[in-house]
Amino acid sequence: MVHSRLSAQLDDLARRDLLRARHVLEGPQGPRIVIDGREFLAFCSNDYLGLANHPRINAATIEAVRRFGVGAGASPLVTGHNALHQSVEEKLAAFTGLPRALHFPSGYQANIGAITSLAGRGDAVFSDQLNHASLIDGMRLSRAEVVPYAHCDTDALGRSLAASGAKHKLVATDSVFSMDGDIAPLPAILALCERHDAWLLVDDAHGFGVLGTKGRGALEHFGLASPRIVYVGTLGKAAGVSGAFVAGQEEVVETLLQHARTYMFSTAAPALLAAAVEESLAVMRDEAWRRAHLAALIATLKAGLAGSAARLAPSDTAIQPLIVGANAAALALAESLRARGILAPAIRPPTVPEGTARLRISLSAAHSIDDVGQLVKALRDELPSSACM
């Protein structure tokens with residue numbers, strides 16, 4: 001039958017404990033969510049600052065609907081770009097300290113649009129092996145040579161850059177790696193780009209809003225500034241909204257506006273999202289306590305699990321991976337937590353390497369210290385002394 005191949009593939013995923021399913025939430029995103037009528041303490045969203053249901057952002061969104069309706073109606077280069085889009089691009093550029101920004105409907109579109117606009121045949125893109133799928137797909141679509149380097153290995157990157165005879169070079173890296181929570185050594189990478197005349201594209205999806213004293217992201221965290229930097233920020237994580245942006249030099253952003261197919265041939269994001277993002281930036285500025293509280297939660301989790309069987313990966317960010325190993329063991333641990341009213345997702349290959357299945361614990365400023373204490377107690381109870389070894 002025509003569907004037999006697909007059925008066999010799905011059966012194979014099930015046999016290997018790789019079949020995935022969706023949860024259906026019955027209310028807003030937050031530290032506690034309702035699924036099938038039951039409330040869970042959730043450690044599984046990227047809402048790092050707890051802004052996804054913030055009343056100020058909600059109010060700004062409602063007002064934007066009154067003024068501009070819902071649908072943008074056209075691509076940005078036709079009539080889809082309105083005053084709210086223009087305003088939020090200016091605010092995003094100012095927030096990141098870069099000359100100009102371009103707003104995209106999603107982070108996936110932003111990464112693909114940026115890479116395919118800046119690299120092509122005859123060029124080379126140098127990629128950390130743990131980069132996000134959107135960066136990888138952008139490289140493939142660019143038709144440039146893709147040169148992977150070992151995770152955060154600047155020596156390997158330097159050797160590859162030195163050996164390359166490509167016409168143009170682009171280094172692409174996540175800032176905070178989404179499944180490991182570690183931070184790329186951006187100062188060393190930028191120094192290599194300066195030495196070898198390369199662009200540096202930083203995907204700050206999990207750093208924007210969180211890293212830096214003012215939440216301005218990885219560049220503020222490291223004190224970096226360079227005309228070589230192409231900065232991609234995601235707005236559906238710490239900002240609590242949706243969409244993404246690319247910021248950089250005037251010529252870079254104008255090139256994307258003229259050439260990025262994911263921008264040119266997509267209907268513009270609704271103006272209500274632009275208004276929500278603009279208010280989110282204001283909340284991030286006004287409520288700096290959220291970043292301080294998040295740091296306290298991270299420290300509480302790590303201290304609470306110290307000396308236990310839990311193998312937390314080395315991360316100082318809101319992403320705290322608990323390495324389990326086998327797919328079935330990760331699923332079993334996640335299910336045992338679920339039975340106690342706690343959600344922490346089991347992440348399995350191909351998202352992570354074989355043999356490194358894990359719980360991806362995501363902390364949010366909306367969590368309390370007591371919430372984290374409840375998670376710590378549950379993990380200590382459920383993990384035997386030999387687990388995760």
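The residues of segment 212-227 that are out of contact with any Lys or Arg (no Cβ under 9 Å at 6 or more places or on another chain) and not in a helix (DSSP H, G or I), listed by number, are Arg216, Gly217, Gly223, Leu224, Ala225, Ser226, Pro227.
When each of Leu333, Leu359 is tested for being part of a helix (DSSP H, G or I), without any contact (Cβ under 8 Å) to a residue 60 or more places away in the chain and surrounded by 23 or more Cβ atoms within 10 Å (Cβ to Cβ), the lone residue that passes is Leu333.
Residues that are assigned by TED's automatic domain parsing to the domain that holds Lys91, charged (D, E, K, R) and on the phi < 0 side of the Ramachandran plot: does segment 296-318 have at least one? Scanning segment 296-318, I find no residue that is assigned by TED's automatic domain parsing to the domain that holds Lys91, charged (D, E, K, R) and on the phi < 0 side of the Ramachandran plot, so the answer is no.
The criterion of at least 1 residues that are assigned by TED's automatic domain parsing to the domain that holds Ala313 and touching a residue at least 12 places away in the same chain (Cβ under 8 Å) is met by none of the helices (runs of 4 or more DSSP H) wholly inside segment 129-196.
Restricting attention to segment 121-163, the residues that are buried (at least 16 other Cβ atoms within 10 Å of the Cβ) and charged (D, E, K, R) add up to 3.
Residues of segment 3-26 that are more than 24 Å from Ala328 (Cα to Cα), modelled with pLDDT under 90 and in a loop (DSSP other than H, G, I, E, B): His3 alone. Comparison of Leu256, Leu281, Leu294, Leu272 shows that the only residue that is touching a Ser or Thr at 6+ places or on another chain (Cβ under 6 Å) and either modelled with pLDDT under 95 or closer than 23 Å to Pro55 by Cβ (or both) is Leu272.
Is one or more of the residues making up segment 228-249 assigned to a helix (DSSP H, G or I), among the aliphatic types (A, V, I, L, M) and either crowded, with 23+ Cβ neighbours inside 10 Å or more than 22 Å from the chain's Cα centre (by Cα) (or both)? No: zero hits.
Can you tell me which residue is farthest from Lys237 (Cα to Cα) among those in segment 33-57 that are assigned to a helix (DSSP H, G or I) and in contact (Cβ under 8 Å) with a residue 12 or more places away in the chain? Filtering segment 33-57 for residues that are assigned to a helix (DSSP H, G or I) and in contact (Cβ under 8 Å) with a residue 12 or more places away in the chain, the one farthest from Lys237 (Cα to Cα) comes out as Arg56.
Residues of segment 67-85 include none that is in contact with a strand residue (DSSP E or B) (Cβ under 7 Å, 6 or more places away or on another chain), surrounded by 12 or more Cβ atoms within 10 Å (Cβ to Cβ), part of a loop (DSSP other than H, G, I, E, B) and of a type in the set (Gly, Ala, Ser). When the residues of segment 336-356 are filtered to those that are in a loop (DSSP other than H, G, I, E, B) and among the aliphatic types (A, V, I, L, M), the one that is surrounded by the fewest Cβ atoms within 10 Å (Cβ to Cβ) is Val352.
The values are calculated or read from the model by the stated rules, or taken from the named source; none is laboratory data. All values derive from a computational prediction rather than experimental measurement. Every residue, glycine as well, gets a Cβ built from its backbone with ideal geometry; the counts of neighbours run over all protein chains shown.
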